[in-house]
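Encoded as structure tokens, the structure appears first; notes follow it.
The values are calculated or read from the model by the stated rules, or taken from the named source; none is laboratory data. Fair warning: this is a prediction, and the values are worked out from it, not measured in the lab. In this analysis, Cβ positions are derived from the backbone assuming ideal geometry, glycine residues included, and neighbour counts consider all displayed protein chains. What goes into the accessible areas is simple: the full protein's heavy atoms, side chains included, and nothing from ligands, DNA or RNA. Shrake-Rupley method; radii C 1.70, N 1.55, O 1.52, S 1.80 Å.
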Amino acid sequence: MQEHQHFKNYHVESRTFTGRVLLTSILILGLTAVLLYRYYSLQVTNHEDYATQSDNNRILVQTISPQRGLIFDADGKLLADNRPSYILSLVPENIKSIDDTITLLRTLVTITDNHVNDFYKSLKTNRRPYQAIPLRFRLTEEEIAKIAVNEYRLDGVEVQAKLVRDYPAGSLFAHSIGYVGKINDREWNNFDEDKVKRYQSVHTIGKIGIEKSYEDVLFGEVGYRNVEINARMRVLRTLEQQNPIQGKDLRLHINSRLQQIAVDALGDRRGAVVAIDVETGGVLSIVSSPSYDPNLFVTGISYKNYNALRNSLDIPLFDRALQGRYPPASTIKPMMGLGGLSEKVISRSYKIFDPGFYQLENDDRLYRDWKRTGHGIVNVHKAIVQSSDTFFYDLAFRMGVDRIHHFGAQFGLGQKTGIDLPSERRGLWPSREWKKQTQRLPWFPGDTINLGIGQGYALATPLQLATMVTTIANRGKHLQPQVVKMIGEELLPPKIINQVEVDERYWDHIFKSMKDVMHAPNGTARRAGSKSSYMMAGKTGTAQVVGIKQNEKYDSEALRERHRDHALFVGFAPLDNPKIAVSVIVENGESGSGTAAPIARKIFDAHLLHKSSAQKKVPIKLSATSLSPLSAERSSQSQRIKLAQRDAQ
Amino acid sequence: MLAYNRQDFIRRMPEASHDLRRRRSFWRVVHIDPILLLLLLALTTFGLVVLYSASEGNNSLIKRQAVFFTIAYIGMFTVAQIRLDYFSRWSVLFYLGALGLLVLVLFFGVGAKGAQRWLSLGSIRFQPSEMMKLAMPIAIAAYLSKKTLPPRFKHVFWSLILVAVPTVLIVKQPDLGTSILVAISGLVVLFYAGLRWRYILSAAVLLVASIWPMWHYVLHDYQRRRVLTLFDPEADKLGAGWNIIQSKTAIGSGGIDGKGWLDGTQSHLDFLPESHTDFIIAVLAEEFGFIGVLGLVVLYLLIIARGLFIAINAQDSFRRLLAGSITLTFFVYVFVNVGMVSGLLPVVGVPLPLVSLGGTSLVTLMLGFGLLMGISTEPPRITHNR
């Protein structure tokens, strides 16, 4: 056999070959089946997954930020604008070394450590790849030129035009309109999914004031654009686009002219002024002084500026009108008198003798009148006109804390007014329950007596006092104060909170008393009310900053300036058909009649005597006014829209 | 010898008479196998259509590829005219020539990505390893067909040496894909020659045993990475895994009927790398879907079936072994490429035969089909092995 194999056997060779070919044919079919199964599983069984993955590869959803709504005052003057601003941003994916690039940029434009820190912070937050991160805002023309010249060595550096909020009136409305600012970590963390989407390309949010409380309205709705990109993130075409819904414009009740007059009247004193339209509850003016420039916050305030504001003894960041809690002092006397009359505790003719102090039976404590010699025989009218403390000590004692609390609460004391501004404080309108709960002490008769003249536990914000006096001016119709008059084209109706039911005769009586405060020869604010062409009503107040001990004479000279009394005034005008109600607080202003009342008078005059204010309707102007030097450069609306669209890309 | 000749003659009588009848046929005269030609034309046309899409409608690229096709077809027709005996006779020269060029590549080769695969002659660049794909089966088929079959150990041994030397040279370039194909084109001849099962089994055992040392001492880092990537492409998403993830996404997103010609997003938006070369089937799968893949695979299977049919009907062992090797190697080509693009096999640089862009491999393959056509249309000889 061994021998035999040395010869070629063609037949066997052919047969063997055919056998092997058959074998390989089976192998080929088997392996092909494996391949086809593989493709079947990819293309048919798991098609959905891969189709999704393929779409995820190529489709990028870009947000198109809407234009933030503008804010106008009652006369149509622009108070919050969107201005194009040039932003230096980096696209990290296109940069070899971020540190080197920043170092290089620092030789060209001003970049502080603060900018760099903020940049790295945003770099760490959720972002899409290839999304530019802002480094510097508000580039000057010169800086833009420098970057353009060095473009060749600045890969991944972009200069984008973006709309930035601008407040042409500067510090005039810092507390009321507020400002938008960069979204901070805490805000990001509290955002739900929708908000994260919404703010992804916007970076700023309303921080305080109208900008915060009307954020949703002003913001509008984000638009989306599905773009097709290639592997290098180049956008090739737009597949689908949903345009953004622009934010709605707001028109305020606030009148810039009145606001300016109030600010000027306050001058460099610390204090607050709130003026309310009696008919609607619309806030005509709301001032907290001193103020600051909200534009500083829009693109991130520097630490230096921020610390200066924060550490200032005058606390300009503090909104006195909404958050400052002051003893209402004598300004609540008209309301107290009304309460006494309404509750039949006193009558219009009820009289007491005021020896200059008040004393409870079985108690040596003397409750002093501000006038040491007393006012003699006083009724409720005289007690309001001359601001007798003794009369109201007596009234409060007779009325009792429960009735006082109940009656005062109807005027909004101790409650938030519900104004459409954020961070309002509720003040304090004490009751037995309140004292028991917070101090674990029973209510003492002395507490009631102090409450009668708005001292003791009672605290109110200037806004609450304005609301109170508006309610009086409205004869019990308690309106919710509102800053915003119109959202877009929609007029916001006045909101009535409650109606204080008091006999008309008593209203008349209190109106007369308050008128005489301003116009009677013995009225405390007669100087402020003199020589006017209309009648006004008011009540002064002087709030103790430091409690005066028994038998101690109050000597303002000896106290440091900041321990002087606060000067207060509430009032409305004209008497017969009230249009405007005002509360004024001047911190350490000493005298309600001397300091606060004249401010109110200026506001009354400005509102009632200015011819074109209420009657003439000024059309809304978009580009405006000499308030900001930047306004001249402000581009037209259409240009802004274009910028916003470009910006979204 | 005479006795064997006669025996062969007798065995061939019915077929010979069959051949005699067809002798006057046009195809026999021009040495063209019409079925194979039709299938190849269908495949190359389809290939150009896919390539057009993969190259983003780049006309100059398509034109260049068309020129290659023309050259390849001319080469195929030319080879088909040559009597097979000449190949058998000059097989040693082919083999040594190809081997010499491979050695030259080691010293004067040019290339990219750390591999020296090309020889540059003025403006013409070619891959000597491609020539070996033909020289190898010709040499081993010629060598073994002169021996008694099944091959004895001595002949198996020398055959293996013939396979090993060029394979190692190509691995050194390094070009794992081509070396595998070259080795297979030689080994397949051995298998078809009737290599005894005990050899095959011991080789299989040896292969399994050699996996560990191969892994550690022979494979390059990038090759190892490719294998690892196969098992877990997600581990290196942007690096080695990228190709596989993207090609699987392209294939999978094609679905049953595809996204449509020129509408493949993975390839047109550059997510799919090597889309007009090694990964072109992903483009096809994306744009023509599973139906397109099925069509392509069926086309390949028909070509392979025709090749094997030609091999079975060939006149002697040399022709049988050569035709069988060319056909089976062609299948391996297809299998490795289609498998690797779909993540079934590691990524080795094997193009999709007759579809992927590239001149050298195209010409080599078509020359191989030229040999098949020659074998298919050769006039029967009453006597041979003279």
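For the range A:276-319, which whole-number percentage of the solvent-accessible area (1.4 Å probe, protein heavy atoms only) is attributable to carbon and sulfur atoms? Using a 1.4 Å probe with all protein chains present, the range A:276-319 comes out at 55 percent carbon and sulfur. Counting only DSSP H runs of at least 4 residues, each contributing -39500 (n - 2.57), and dividing by the residue count of chain B, the helix-based mean residue ellipticity at 222 nm comes to -24000 deg cm²/dmol. Each Lys or Arg adds one and each Asp or Glu takes one away; over the other residues whose Cβ falls under 12 Å from the Cβ of A:Phe318, this sums to +2. Taking all Cα pairs closer than 8 Å and separated by 6 or more residues, the relative contact order of chain B comes to 27 percent. In this simple spin-label approximation, B:Arg28 and B:Leu201 carry label points 7 Å from Cα along the Cα→Cβ vector, and these lie 4.6 nm apart.
Relative to the dominant Cα principal axis of chain B, helix B:240-254 is inclined by about 80°.
What does a probe at A:Arg398 reach in the range A:432-471, counting residues whose amide N is under 19 Å from the point 7 Å along Cα→Cβ? Answer for this model: A:445-454.
Restriction of the trypsin sites (Lys or Arg not before Pro) in the range A:177-254 to DSSP coil positions whose beta-carbon has at most 12 other beta-carbons within 10 angstrom yields A:Arg232, A:Arg234.
Across the range B:288-301, computed HN-Hα scalar couplings (Karplus, 6.51 cos²θ - 1.76 cosθ + 1.60, θ = phi - 60°) run 10, x, 5, 4, x, 4, 4, x, 4, 5, 4, 4, 4, 4 Hz from first to last residue, x flagging Gly and Pro. For the range A:33-112 versus the range B:332-377, the spacing of their alpha-carbon centroids is 43 Å.
Within the range A:50-72, the residues that become at least 30 Å² less accessible when every protein chain is included than when their own chain is isolated (1.4 Å probe; DNA, RNA and ligands ignored) are A:Tyr50, A:Gln53, A:Ser54, A:Asn57, A:Arg58.
Taking the Cα centre of each part, how many Å lie between the range B:23-99 and the range A:133-172? Using only Cα atoms, the two centres lie 63 Å from each other. Shown for the range A:157-214: the carbon plus sulfur share of the solvent-accessible area, taken with all protein chains present and a 1.4 angstrom probe, equals 42%.
Per residue, chain B exposes 44 Å² of solvent-accessible protein surface, assessed with a 1.4 angstrom probe and all protein chains in place. With contributions of -39500 (n - 2.57) from each DSSP H run of at least four residues, the per-residue ellipticity at 222 nm computed over chain A stands at -10500 deg cm²/dmol.
Accessible area per residue for the range A:400-530 is 42 Å², calculated with a 1.4 Å probe on protein heavy atoms, without ligands, DNA or RNA.
Two tests apply to each whole DSSP H helix in chain A, Cα reach of 18 Å or more along its axis and mean Kyte-Doolittle hydropathy of at least -1.0, and the ones passing both are A:10-40, A:389-409.
Computed over neighbours whose Cβ is under 10 Å from that of A:Ile346, the net charge equals +2, Lys and Arg +1, Asp and Glu -1.
When the other protein chains are added to the chain by itself, burial of at least 50 square angstrom of heavy-atom accessible area (probe 1.4 Å, ligands and nucleic acids ignored) affects these residues of the range B:143-186: B:Thr148, B:Arg152. A cut-off of 5 Å between modelled amide H atoms, ignoring neighbours fewer than 5 places along the same chain, links A:Leu284 with A:Ala275, A:Ile276, A:Asp277.
Could you check how much of the accessible area of the range B:239-386 is carbon and sulfur, as a whole percent, using a 1.4 Å probe? Here carbon and sulfur together make up 66 percent of the probe-accessible area. Taking 0.36 nm per residue of separation and subtracting the Cα-Cα distance, full extension of the segment from B:Leu38 to B:Arg89 would add 15.3 nm.
Note the angle between two axes, namely the Cα long axis of helix B:2-22 and the longest principal axis of the Cα atoms of chain B, as a number of degrees from 0 to 90, rounded to the nearest 10. Roughly 60 degrees, rounded to the nearest 10. Taking trypsin sites (Lys or Arg not before Pro) across the range A:94-172, the ones in a DSSP loop with at most 12 further Cβ atoms lying within 10 angstrom of their Cβ are A:Lys96. Buried accessible surface for the A/B pair, both sides summed and rounded to the nearest 100, is 4700 Å² with a 1.4 Å probe. Other residues lying with their Cβ under 10 Å from the Cβ of A:Tyr50 contribute a combined charge of -3, Lys and Arg counting +1, Asp and Glu -1. The alpha carbon centroids of the range A:211-280 and the range B:255-294 are separated by 49 Å.
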